[in-house]
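Shown next, in structure tokens, is the structure this report addresses.
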Amino acid sequence: MSLGRIERIHDELFQFLENYMGKHNGFNFMPRQTNHYGRLDRGYWFPGNDKYLLIGFYSGHDSFNKTSNICFQAHLTAQSGRPLNTCSIQLSNTPNSEAYASKKPVIENIMKKLGGFEVSCINKYGLERRWNRYYSTNNYLQCIEEFVSKDKPVIDYIIEQANNPHLGFLEEVQTKQKISSIISRRVL
């Protein structure tokens with residue numbers, strides 16, 4: 001069975017991260033956790049839809065938009081004047097969401113240390129709630145490699161220093177269970 005374009009992107013990113021995890025002790029990522037709308041059955045290994053995918057590396061969610069506070073994002077369609085397969089680091093922290101105030105200084109520190117973030121979403125009151133830092137290439141495998149090798153270590157350090165109960169590292173046991181579930185579903 002040959003994979004469609006979107007399924008191939010999910011599969012290539014999953015394979016890259018699985019290989020990276022095998023070589024880097026303590027490295028974790030979170031694939032899609034449920035088969036909502038049959039997306040796991042279709043080979044959509046990460047949260048998202050036909051327009052984008054998100055890969056989480058940290059605990060902590062924005063309770064308003066139901067996404068991770070910190071994630072890697074790949075646009076699977078051309079969006080907002082950006083080309084197909086544009087990738088970014090996405091930070092999300094909606095004012096008045098659960099633990100918003102606690103997470104705010106951590107998110108701000110990440111933006112300050114990495115630089116280059118653009119506001120990508122504001123709430124109905126005009127307050128910023130989501131930011132993206134775009135990669136210079138639309139090669140998603142190069143982008144994820146740059147994220148895990150250069151950007152993630154900076155974010156890891158900030159998360160470790162913040163010691164925030166609402167924004168931290170993924171639990172290894174849970175991530176390994178979810179990754180194993182995806183491995184058993186993959187068409188090789």
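The values are calculated or read from the model by the stated rules, or taken from the named source; none is laboratory data. Being a predicted model, the structure only gives us computed values, none of them experimental. When we count neighbours, we look across all protein chains shown, and the Cβ atoms used for this are built from the backbone with ideal geometry, even at glycine.
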Determine whether region 15-25 contains at least one residue that is among the polar types (S, T, N, Q) and within 24 Å of residue 139 (Cβ to Cβ).
yes
Single residue of region 172-188 satisfying the filter (crowded, with 16+ Cβ neighbours inside 10 Å and of a type in the set (A, V, I, L, M, F, W, C)) that is farthest from the chain's Cα centre (by Cα):
182
List the number of the failed condition for residue 169; all other conditions in (1) closer than 18 Å to residue 61 by Cβ; (2) surrounded by fewer than 16 Cβ atoms within 10 Å (Cβ to Cβ); (3) more than 17 Å from the chain's Cα centre (by Cα); (4) at pLDDT 95 or above hold.
(3)
Flagged in region 115-130 as touching a strand residue (DSSP E or B) at 6+ places or on another chain (Cβ under 8 Å) and modelled with pLDDT under 95, in numbering order, are 118, 119, 120, 121, 122, 123, 128, 129, 130
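Would you mind finding the one in 55, 6 that is of a type in the set (A, V, I, L, M, F, W, C) and in contact with a Cys (Cβ under 7 Å, 6 or more places away or on another chain)? Quick ask: steps written out before the conclusion?
On the way: 6 fails: in contact with a Cys (Cβ under 7 Å, 6 or more places away or on another chain).
None of the other options fit; the residue is 55.
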Give 43, 38, 60 a once-over and let me know the one that is over 21 Å from residue 110 (Cβ atoms) and in contact with a helix residue (DSSP H, G or I) (Cβ under 8 Å, 6 or more places away or on another chain).
43
